[in-house]
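Trainee: Below: one structure in structure tokens.
The values are calculated or read from the model by the stated rules, or taken from the named source; none is laboratory data. This structure is a prediction, so every number in the text was calculated from the model and none was measured. No Cβ is skipped: glycine too gets one built from the backbone with ideal geometry, and neighbour counts run over all protein chains shown.
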Amino acid sequence: MIRHGETAWNAERRSQGWMDPPLNETGERQVQLLGEHVRRHYDFERVISSDLTRCTMTADAIGIDYSTDARLREISTGKFAGLLIADIRGQFPVEVGPWIRGYGRAPDGESWLDLVARAGAFMAESGVLDVEGDVCLVSHGGTIRALLSVFLELHVNQARRYAQSNTAITVVSRELVKGEHSFALDKLNDVGHLVGN
């Protein structure tokens, strides 16, 4: 799983959700380095990206044919989208607390449990578990955390504590145990491809 490169809104600490800002100059450099690293170290059978621009720009830099799936989008932040993180508390003092704690829903948006359910539906319906070989999912910080919750059977509030930096690589391995998929976390938030650049 790979998180998209940086956008201006990431740098400003602005809620993006399903809004669609492109990568900024830093993000474009990050994904160039990411692409070089991925092509040297990984051999993917299938690549699937969120359909939002910051992810498709990241997937383009990997340089492998890919498909898109809207179920890999970031959590919908509803009326929080476009606002500075610092301003959300002031404008939505009642709604933001429960949402941050993982059980409330953003106004006109999703809760973290909604996101985990969407990630679970993607895993069950997309066919990625049937692929022989490695699969790459290009997605968003929140969605990668939700996928970790699904893979590792973690409560969403546990998975939300795992850092997901821009262009970070997180690797989950799988094996069949008595006919059931079993998953293990092999690598978390690896940004070694950005070090020294």
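Trainee: Report yes if some residue within the range 72-91 is of a type in the set (Lys, Arg), at pLDDT 95 or above and more than 17 Å from ILE2 (Cα to Cα); otherwise report no.
Mentor: yes
Trainee: Name every residue in the range 25-82 that is buried (at least 22 other Cβ atoms within 10 Å of the Cβ), over 19 Å from ASN10 (Cβ atoms) and out of contact with any helix residue (DSSP H, G or I) (no Cβ under 8 Å at 6 or more places or on another chain), in order of residue number.
Mentor: none
Trainee: I've got another one for you. Is it fair to say ASP69 is of a type in the set (Asp, Glu) and within 15 Å of the chain's Cα centre (by Cα)?
Mentor: yes
Trainee: If you take the residues of the range 57-102 that are of a type in the set (A, V, I, L, M) and assigned to a loop (DSSP other than H, G, I, E, B), which of them is nearest to ASP43 (Cα to Cα)?
Mentor: ILE64
Trainee: Would you confirm whether or not the range 133-146 contains a residue that is of a type outside the set (S, T, N, Q), surrounded by 13 or more Cβ atoms within 10 Å (Cβ to Cβ) and farther than 25 Å from SER76 by Cα?
Mentor: Yes; the residues of the range 133-146 include at least one that is of a type outside the set (S, T, N, Q), surrounded by 13 or more Cβ atoms within 10 Å (Cβ to Cβ) and farther than 25 Å from SER76 by Cα.
Trainee: Identify the residue in the range 103-126 that is within 21 Å of GLY82 (Cβ to Cβ) and aliphatic (A, V, I, L, M) and, among all such residues, is surrounded by the fewest Cβ atoms within 10 Å (Cβ to Cβ).
Mentor: By that ranking, first place goes to ALA106.
Trainee: Now a separate question. Which ones in the range 84-102 are surrounded by fewer than 16 Cβ atoms within 10 Å (Cβ to Cβ), touching a residue at least 40 places away in the same chain (Cβ under 8 Å) and within 17 Å of GLY17 (Cβ to Cβ)?
Mentor: Listed by number, the residues that qualify are LEU84, ILE85, ALA86.
Trainee: Going through the range 150-194 one residue at a time, which ones are surrounded by 14 or more Cβ atoms within 10 Å (Cβ to Cβ) and of a type in the set (Asp, Glu)?
Mentor: ASP190, the sole residue that qualifies.
Trainee: Follow-up. Mind listing whichever residues of the range 149-158 are in contact (Cβ under 8 Å) with a residue 40 or more places away in the chain and in contact with a helix residue (DSSP H, G or I) (Cβ under 6 Å, 6 or more places away or on another chain)?
Mentor: VAL156
Trainee: How about the range 1-29: which of its residues are part of a loop (DSSP other than H, G, I, E, B) and not polar (S, T, N, Q)?
Mentor: Hits for the range 1-29 are MET1, HIS4, GLY5, GLU6, ARG13, GLY17, TRP18, MET19, ASP20, PRO21, PRO22.
Trainee: Based on what the data block shows, is ALA184 touching a helix residue (DSSP H, G or I) at 6+ places or on another chain (Cβ under 9 Å) and at pLDDT 95 or above?
Mentor: yes
Trainee: Go through the range 10-24 and count every residue that is surrounded by fewer than 19 Cβ atoms within 10 Å (Cβ to Cβ) and under 16 Å from the mean Cα position of the chain (by Cα).
Mentor: Qualifying residue count, the range 10-24: 5.
Trainee: Which members of the range 103-141 meet the condition of being hydroxyl-bearing (Ser, Thr, Tyr), without any contact (Cβ under 8 Å) to a residue 40 or more places away in the chain and part of a strand (DSSP E or B)?
Mentor: Residue satisfying the conditions is SER111 alone.
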